[in-house]
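Take a look at the structure set out below.
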Amino acid sequence: MNTSTYLSLLSPECCLLAGACLVWLVGVSRSAGIRASMAGLTLAVVAVAMFLAWRCPSPEAAAVMPGIRMTSLSEFVRWATLIVGALLLLANWRVPADREQGEYFGMMLCSMAGVSLTACSNDLIVLFFALELVSVPTYVMVALSRTHVRASESAVKYFFLGALAAAIMAYGFSFLYGVSGSTVLEGGAGQSLAKYFAGDASWGPFALIGLVLAFSGLAFKVAAAPFHAYAADVYEGAASPLTAFLGFIPKLAGFTALIKLMAVCGWPAADGVSAPLMWMLWVVAALTMTVGNVLALLQHNVKRMLAYSSIAHSGYMLVGILVGPMWGTGPMRDGVAAVLFYIVVYGVMNLGAFAVLSNLSIKGEPAETLDDLAGLSRRAPLSAFAMAVCAFSLMGFPPTAGFIGKVYLFSGAFAAGETSLIVLAVIGVLNSAIGAAYYLKIASACYVREPVAEQSRTGGLTQSFVLAVCSLAMFCLFLRPNDLVRQARSATESVRTAGQASIARVDRGAVGIQPIAPSDDQEHAG
Amino acid sequence: MDSSAVQTWALLILLAPLAGAIAAGVLGPGVLKGRSHWPVILGVGAAVLGAFKLFGLVRHGAHEGAHSVTVVLYQWFAAYEGKWFNVEVLVDPLTVIMLLVVTGVSLLVIIYSRDYMREDGQAVKGYERFFAYLGLFVFSMVALVLGGNFLLLYLGWEAVGLCSFLLIGFYYDKPAAAAAAKKAFLVNRIGDFGFGLGILLIYLTFGSLDFATVFDMAERGVAVSGDLSYGRVTAIALLLLCGAVGKSAQLPLHVWLPDAMEGPSPVSALIHAATMVTAGVYMIVRCGSIFAASPLAMTIVALIGGLTALFAASIALVQYDMKRILAYSTISQLGYMFLGLGVSAAGSAVFHLYTHAFFKALLFLAAGSVMHAMGGIIDIRKFGGLRRVLPWTYRTMFLGCLALAGFPLLSGFWSKDEIIHAAFTQDKFLGGLALLTAVMTAFYTFRMFFRAFFGTTRVPEGVHAHESGLWMLVPLFVLSIGAVFAGFVGVEVGHGGMLGLFRPHGAFHHFLEPVLTPFTHGGHEAHATLGHFQEFGLMYASAALSVFGIAVAYTLYVDSPMLAMIMRRVFPATHELLLNKYHVDEGYDRFIVRPLRSLGRFCAAIDEHLIDGLVWLVTAVPRLIGMLLRSIQQGSLQGYAASMMVGLAVLLAFVLWGVIS
């Protein structure tokens, strides 16, 4: 367990953090030219991190180390962070003022490192710190992203509420430590949470309180009801490209942590000892979808609309978490793989939509409302097309990747064959229909309505590039989703084997559903 | 067959036109402008090359007894129970014939469009859009033909429909064109709805959408749950037929095709004559195992085909718009193909599809050339005697007209004769319909031809008539060679038959034979039941009828034009009825469109007053909650924190209550 093993396993994360320090240091240079080129340096750091991630030993070779455990899940999350993160970086290229570039992009690197560490962590304390490493820089970035007073206001709100959520989560972790006597998530020779929850008399009230509190803290990160209230204000206050960042990075971290936590406590089921937790998640998922969509329906401001829709998308993904990872062969039955697929797709399509917004300005102000988008197809046909593609994808309409993502999420719930999950999937499908109403409003504003305001393009080359990549990716992932699905599927292998309750559930599932044979994944055949 | 070679060439055929379309669409407006035809010409040219290559591979494979190969390009989408929807191509003789026809005619039409879409040497508005759409169409059509399962077939089917819509409405600022595009799309929706249901029923019945699996099960007469019932297979066949009727403009869904002539002439030639409208025929041949299992469905196919052929030909007798005459003629010829399918002569139907593509594309392009020269006017009452003004158009069109009229030894004669023959073998009534149509075809074709090209030279006022340039003429030449000689691949040179030299069913049919086994198993052998005399007698009869039709047209429109006037006076009611296309459009308007519109208005009123009110009520609840919360929460940090804590308390209470109880 020497330092060099750590370094080699975590080299991409180390690179991101060291890069952050470098960017901070160079970012205060006296030369304005150097200060203004920090975005380029940041991109170079991300590229190096990608190279290191590519060179990294594969998870099979890596043993469980104190505090971390490298799995296929962490590899998937790491790559998702780096690739989508690079796109986010390109979209944010011009967001901060020149003299603040160093701080802004350094914070961005820290946040990305945090997501990656979340996926590697195998200890409640490491997990907590990793999650805060994701969140704390985002508070700063919100404040730096605009000079507008609303940005400062939302940064303060975000900070205080984020701190509250962190406190709740830490409190929950302390309960978990209290009941189990260990902070280790799973694996290793000693006591761990997974071993504790695999035992029989483990689901006492204190364990439940710990899980509920921990879950609540994570629900804040993914903006799930009833911890969603901050999202609309913060998203509206931040600059549009940063909003895309906030919609993906903390969400990815939150869902990754949630998957790990659920794996440790053995995927709660509708009956048995873990039923109360399952039903709580069920209620939260249904509530999140509905609240997000209904509130989005009432908005006229596109940023607020997309903020609420972001809440709704978290609700859809919670369905996948509830389905769990092991309902049989093929991705149609793997809820967690569906979540991982969906979150990447969501990150890209959400970024596309926000990049269009940030590409436009109305009399010097960033575009925000539906009126600002009206008649966009006549001014900037390609931007309008990208907006339409992303809106259709968010809606879950073929031929875009959003459709495939939703099919996988909901069909997993149908395939599970449990009434409660089927009802939840039906709620999800109905909510998608509600969602169509406001996404279509965005698309029709771009194409059908006459221009209201004088639009001018503000974005640079990088933003046009991001737009093109995002809308193309939506088509490509529709035409050929299987590569990403396969990655997501292999990422869930580590959480499939964790915990004892899961095995009990598989046995139970065998009554109604085909038994599971993990090795005969059909997608490897082609 | 070497499946990796098949995969390579199939991918080329698919992707090259798409790449051309994208290049024209993306680079067209800014960079290429008047040169936007080049990427599409290159892309489709590559596809033609690929089609020939595949043809060679299939011929080679046929010698070795492997006539068909399915290549899975990749797994697309998972279904339940570990099943997958694949992106796969099926290459067999039928596929390569369709590919050759589609890519070949497309290439010629695209070359032709280079000049046609110009006015005084200047590219018309939307030039690059036009070529991008054409490229997209070629991609969609080859995808339809190559697709190895019903899902891909359906996707291609819808995509060609979309391209057709876009191209009919190409002149979108012209109200008639926009209306025609809408009509084509909506009428096709009716057919496609049935087609979609048919595919769903196939999935429910056979548990798969793969051609191989489905057709194998259909031939063995089994379904997922036990035996395949006659009712089920008939239902599937009729639903599929519904789609074919819409796409191939057969009765009663034929109304969209004549209106589709509002699109540019090359589009009429390519999409609404040679390729897309034949998709219905292709689909029925492809699904032969399903159709052959249901004699009832086959009878309906034959009846629809025979009646459509006669019905459309009779309308074409009196029309004045050159392109509409050709459109009705297309409907009528497609009717022949359906008739051929219905009487189990699928080989002859595909043969007719193939020859028809040549001469009908030729006729449309020649008509386009006339239209181009006449400054956009296509009414045969407004011009005449053009043979001196447009000498090359005149010559090529003459060959096209002869082929369409079924003049002996030209391509159209062979294929049409085979269908008439097969129809007679099966049923005297159907054969009679086909023969009557043949004589009408000869008449209306040459009525149009003589009125346009003979008599004194008349051109519309203010039009400087001129022969088209080489970009337009070369495709005409190539197609007229095809119109004359293409039929010979389908006849055998030997003893007996026409002129004692030619007998039907040649290399074309032998090549196609392995695909048509379901038809030949279930159907009748055309040659077995007719005597020698009848067989060749019919051939001479149809040749004589064709010449007779041409002669009548000559008498009425060149020799003594007064006779035509007198005829019109003598049968005013008939003339009126035909001129108004049997009032089908009016009937649809009165009995379908208007009631539906009233229903729509009724629904809109309900929506506006009832549903909107309900929605308002529903949204009022969150609004109310919002307003209640607003006092604590609006923008207030403490309010948000409080709501979080309340939420947390509720969740904890919920969970702990669950534990206790």
note = Here the relative contact order (percent) of chain B, from C-alpha pairs under 8 Å and at least 6 apart, is 11
ask   = What is the average number of partner chain Cβ atoms found within 10 Å of a Cβ in B:68-78?
value = 5
inquiry  = Inside 10 Å of the C-beta atoms of A:475-481, what's the mean count of C-beta atoms belonging to other chains?
reply    = 2
remark   = To the nearest 20 debye, segment A:269-511 has a Cα-centred charge dipole, built from +1 on Lys and Arg Cβ and -1 on Asp and Glu Cβ, of 260
Separation of the residue B:11 and residue B:173 label points, Cα + 7 Å toward Cβ, nm = 4.4
task = For segment A:436-450, take each phi angle, set θ = phi - 60°, evaluate the Karplus expression 6.51 cos²θ - 1.76 cosθ + 1.60, and give the result in whole Hz per residue in order, putting x for glycine and proline.
result = 4, 4, 8, 5, 5, 4, 5, 5, 6, 4, 5, 10, 8, 6, 7
task = Return the sequence-ordered ³J(HN,Hα) values of segment B:189-198 in whole Hz as given by the Karplus equation 6.51 cos²θ - 1.76 cosθ + 1.60 applied to θ = phi - 60°, using x for Gly and Pro.
result = 4, 4, x, 5, 4, x, 4, x, 4, x
inquiry  = Using Cβ counts within 10 Å as a stand-in for footprinting exposure, how do A:422, B:419 rank, fewest first?
reply    = A:422, B:419
Listed residue (B:648, A:129, B:110) projecting farthest to the positive dipole end of the protein assembly as shown, Cβ model = B:110
Relative contact order, percent, segment A:117-180 [alpha-carbon distance under 8 Å, six or more residues apart] = 24
note = Hits in segment A:290-304: amide N under 17 Å from the 7 Å Cα→Cβ extension of residue B:621, namely A:290-298
ask   = If amide H atoms are built 1.01 Å from N in the plane of the peptide, which residues on other chains or at least 5 residues away come under 5 Å of the amide H of residue A:229?
value = none
inquiry  = Could you tell me which residue out of A:167, A:27, A:373 lies farthest along the dipole of chain A toward its positive end? Charges go on the beta carbon: Lys and Arg +1, Asp and Glu -1, centred on the Cα centre.
reply    = A:373
key: Debye, to nearest 20: dipole size of chain B, +1 on Lys, Arg Cβ, -1 on Asp, Glu Cβ   = 1540
Chain A: angle of helix A:240-264 to the longest principal axis, Cα-based, in degrees nearest 10 = 0
query = So what are the radius of gyration and Dmax for the Cα set of segment A:236-301, in Å?
reply = 15.8, 46
task = For residue A:449, enumerate residues with amide H under 5 Å from its amide H, sequence gap 5+ or separate chain, H modeled in the peptide plane.
result = A:375
note = Counting sequence-distant residues (5 or more places) and residues on other chains, those with an amide H built under 5 Å from that of residue B:74 are B:87
task = Normalising by the residue count of chain A, find the relative contact order in percent from Cα pairs under 8 Å and 6+ residues apart.
result = 15
task = Would you mind classifying segment B:1-114 by shape? Square roots of the alpha carbon gyration tensor eigenvalues, ordered a ≥ b ≥ c; an a/c under 1.5 is rounded, otherwise it is prolate if a/b is larger than b/c and oblate if not.
result = oblate
message = I need the phi-derived Karplus couplings for segment B:471-476: 6.51 cos²θ - 1.76 cosθ + 1.60, θ = phi - 60°, integer Hz, Gly and Pro marked x.
response = 4, 8, 6, 4, x, 4
task = Sticking with the crude label model, points 7 Å out along Cα→Cβ, report the distance from residue A:465 to residue A:283 in nm, one decimal please.
result = 4.9
note = Computed over chain B: longest principal axis from alpha-carbon atoms vs helix B:3-27 long axis, angle to nearest 10 degrees, is 80
ask   = Using the Cβ atoms and a cut-off under 13 Å, what net charge is assigned to the surroundings of residue B:285, where Lys and Arg are +1 and Asp and Glu are -1?
value = -1
ask   = If you put +1 on each Lys and Arg Cβ and -1 on each Asp and Glu Cβ, how big is the dipole of the protein assembly as shown around its Cα centre, in Debye rounded to 20?
value = 2240
remark   = Surpassing 21 Å at the alpha-carbon level, of the pairs A:251/A:406; A:221/A:260; B:247/B:382; B:247/B:360; B:125/B:174; A:157/A:441, are B:247/B:382; A:157/A:441
request  = For n ≥ 4 DSSP H runs only, could you compute -39500 (n - 2.57) per run for chain A, divide by its residues and tell me the 222 nm figure to the nearest 500?
outcome  = -23500 deg cm²/dmol
Counted charge near residue B:316, where neighbours are those whose Cβ lies closer than 11 Å (Asp, Glu -1; Lys, Arg +1) = +2
ask   = At what distance in angstrom do the alpha carbon centres of segment A:206-272 and segment A:4-23 lie from each other?
value = 26
message = Can you find, among B:342, A:411, A:149, the residue sitting farthest towards the positive end of the charge dipole of the protein assembly as shown, where Lys and Arg contribute +1 and Asp and Glu -1 at Cβ?
response = A:149
message = Could you sort the peptides B:134-141, B:174-181, B:113-120 by per-residue average Cβ neighbour count (10 Å cutoff), highest mean leading?
response = B:134-141, B:113-120, B:174-181
inquiry  = With the crude spin-label approximation of a point 7 Å out along Cα→Cβ, what separation in nm comes out for residue B:576 versus residue B:379?
reply    = 2.0
task = On a 0 to 90° scale, report how tilted helix A:401-416 is relative to the longest principal axis of chain A, with both axes built from alpha carbons and the result rounded to the nearest 10.
result = 20
key: FRET efficiency, residue B:584 to residue B:299 (Cβ-Cβ, R0 22 Å, nearest 0.05)   = 0.40
request  = Post the alpha-carbon centroid distance, segment B:352-412 to segment B:208-263, in whole angstrom.
outcome  = 34
task = Evaluate peptide A:223-233: per residue, the Cβ atoms of other protein chains within 10 Å of its Cβ; return the mean as an integer.
result = 4
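The numbers here are math on the coordinates, done by the rules we state, and not lab data. The structure displayed is predicted, hence computed values, not measured ones. Glycine also receives a Cβ, built like all others from the backbone with ideal geometry; neighbour counts cover every protein chain displayed.
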